[in-house]
1. Which pairs do you get when a residue that is touching a residue at least 40 places away in the same chain (Cβ under 8 Å) and of a type outside the set (Ser, Thr, Tyr), found in the range 18-46, comes within reach of a residue that is open to solvent by less than 60 Å² (accessible area, probe 1.4 Å) and in a loop (DSSP other than H, G, I, E, B), reach meaning Cβ atoms under 7 angstrom, with the pair 6+ apart or on two chains?
2. Could you say whether any residue in the range 150-165 is of a type in the set (Lys, Arg), part of a helix (DSSP H, G or I), over 22 Å from ILE105 (Cα atoms) and touching a helix residue (DSSP H, G or I) at 6+ places or on another chain (Cβ under 7 Å)?
3. Take ASP83 and decide whether it is acidic (Asp, Glu) and within 16 Å of ASP173 (Cβ to Cβ).
4. Hey, any hits in the range 96-118 for a residue that's of a type outside the set (D, E, K, R), over 27 Å from LYS172 (Cβ atoms) and surrounded by 17 or more Cβ atoms within 10 Å (Cβ to Cβ)?
5. Within the bounds of the range 66-85, is there any residue that is farther than 24 Å from TRP180 by Cα, free of Cβ contacts under 8 Å to residues at least 60 places away in the same chain, part of a helix (DSSP H, G or I) and open to solvent by less than 20 Å² (accessible area, probe 1.4 Å)?
6. Looking only at the range 119-132, count every residue that is open to solvent by less than 60 Å² (accessible area, probe 1.4 Å), modelled with pLDDT of 90 or more and assigned to a loop (DSSP other than H, G, I, E, B) and tell me the total.
7. Suppose we keep only residues that are in contact with a Pro (Cβ under 6 Å, 6 or more places away or on another chain) and open to solvent by less than 90 Å² (accessible area, probe 1.4 Å) within the range 191-213. Which one would you say is farthest from TYR161 (Cα to Cα)?
8. Restrict the check to the range 47-54 and report whether at least one residue is assigned to a loop (DSSP other than H, G, I, E, B), in contact (Cβ under 8 Å) with a residue 12 or more places away in the chain and open to solvent by less than 20 Å² (accessible area, probe 1.4 Å).
Amino acid sequence: MTDILIIEDDPEMGQIIKDFMIKEGFSARLCPTAEEALELLEGESFGIVLLDVMLPKMSGYETCTEIRKKGDIPILMMSAMTDERSKLLGYETGADDYIDKPFSIKVLTAKVRALMKRSGGGEQSGKLSGCGIELDTSSRIVTRDGAELKLNAKEFDLLRYLMEHSGEAVSKDELFNAVWGCDCFTEPSTVSVHIRWLREKIERDPNSPQVIRTVWKVGYRFGEQK
């Protein structure tokens, strides 16, 4: 199975997205038309579809409807049409999430990971460790110096994402999109609240955090800077 099918008629934009996704560890195919993509979907399996709205001949909305007839593959729409009506139409035709153009490639990647995780695709088993913390992605058990920590689902997902990007400054927006995705009933400010709760469980001194550090005007970083 290929992780990502990119349906984008702008060859430069499509190639940028494809190259970045491959750099992030995904496998990806690029199609310039809906017709070619639909034919490809008949014979191949994909983990997620990145679908441009403004396509030649068959639009992204029509394409979304056709893809949805074939199954429940996650669909992330990409469009410069940022008005509410256009977004609602995207959701009505079966899209799981929507990202405005121009977009940050990092935010796009975060949305891809969130959708694949929720659909059960792209889930990688294994362990992450650092700063005395060990996180088992299969059992969803977190320990500190061998003692198990009781984290709720969002705390676990936040910690996992930060550990996967250990040493990197991760913005609050990126964390929000990775963990909450298209949950429109949650405010981005919830990231700070959950980070505070997480620190109370994993830090030896939550008032002077050493595991999850604040990066001024950016977000947070797990461990030391790379």
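1. Matching pairs, first to second residue: PHE46/ILE73.
2. So the first thing to find is which residues in the range 150-165 are of a type in the set (Lys, Arg), and the list is 150, 154, 160.
Still in the running and part of a helix (DSSP H, G or I): 154, 160.
Filter once more, so that each one left must be over 22 Å from ILE105 (Cα atoms): 154.
Remaining after also requiring touching a helix residue (DSSP H, G or I) at 6+ places or on another chain (Cβ under 7 Å): 154.
Yes, the conditions are met somewhere in the range 150-165.
3. Criteria not met by ASP83.
4. So in the range 96-118, the residues of a type outside the set (D, E, K, R) come out as 98-99, 102-105, 107-110, 112, 114-116.
Now narrow it down to the ones that are over 27 Å from LYS172 (Cβ atoms): none.
Looking for residues that are of a type outside the set (D, E, K, R), over 27 Å from LYS172 (Cβ atoms) and surrounded by 17 or more Cβ atoms within 10 Å (Cβ to Cβ), one finds none in the range 96-118, hence no.
5. Here is the first cut: in the range 66-85, the residues farther than 24 Å from TRP180 by Cα are 66-67, 69-70.
With the extra rule that they be free of Cβ contacts under 8 Å to residues at least 60 places away in the same chain, the set shrinks to 66-67, 69-70.
Within this subset, residues satisfying the condition of being part of a helix (DSSP H, G or I) are 66-67, 69-70.
In the following step, the residues that additionally are open to solvent by less than 20 Å² (accessible area, probe 1.4 Å) were identified as 67.
Yes, there is a match, as at least one residue in the range 66-85 is farther than 24 Å from TRP180 by Cα, free of Cβ contacts under 8 Å to residues at least 60 places away in the same chain, part of a helix (DSSP H, G or I) and open to solvent by less than 20 Å² (accessible area, probe 1.4 Å).
6. Total satisfying the criteria: 1.
7. The initial filter retains those residues of the range 191-213 that are in contact with a Pro (Cβ under 6 Å, 6 or more places away or on another chain), namely 199-200, 203.
Filter once more, so that each one left must be open to solvent by less than 90 Å² (accessible area, probe 1.4 Å): 199, 203.
On the way: ARG199: 15, GLU203: 17 Å.
Restricting to residues being in contact with a Pro (Cβ under 6 Å, 6 or more places away or on another chain) and open to solvent by less than 90 Å² (accessible area, probe 1.4 Å), the top hit is GLU203.
8. Filtering the range 47-54 down to residues assigned to a loop (DSSP other than H, G, I, E, B) leaves 53-54.
With in contact (Cβ under 8 Å) with a residue 12 or more places away in the chain added as a condition, the list becomes 53-54.
Those still in the list that are open to solvent by less than 20 Å² (accessible area, probe 1.4 Å) too: 53.
So far as the range 47-54 goes, yes, one or more of its residues are assigned to a loop (DSSP other than H, G, I, E, B), in contact (Cβ under 8 Å) with a residue 12 or more places away in the chain and open to solvent by less than 20 Å² (accessible area, probe 1.4 Å).
The values are calculated or read from the model by the stated rules, or taken from the named source; none is laboratory data. All of these numbers come straight from a predicted model, not from anything done at the bench. As a convention, Cβ positions derive from the backbone with ideal geometry for all residues, glycine included, and neighbour counts pool all protein chains shown. When the accessible area is computed, the model is the full protein with side chains, heavy atoms only, and any ligands, DNA or RNA have been set aside. Shrake-Rupley method; radii C 1.70, N 1.55, O 1.52, S 1.80 Å.
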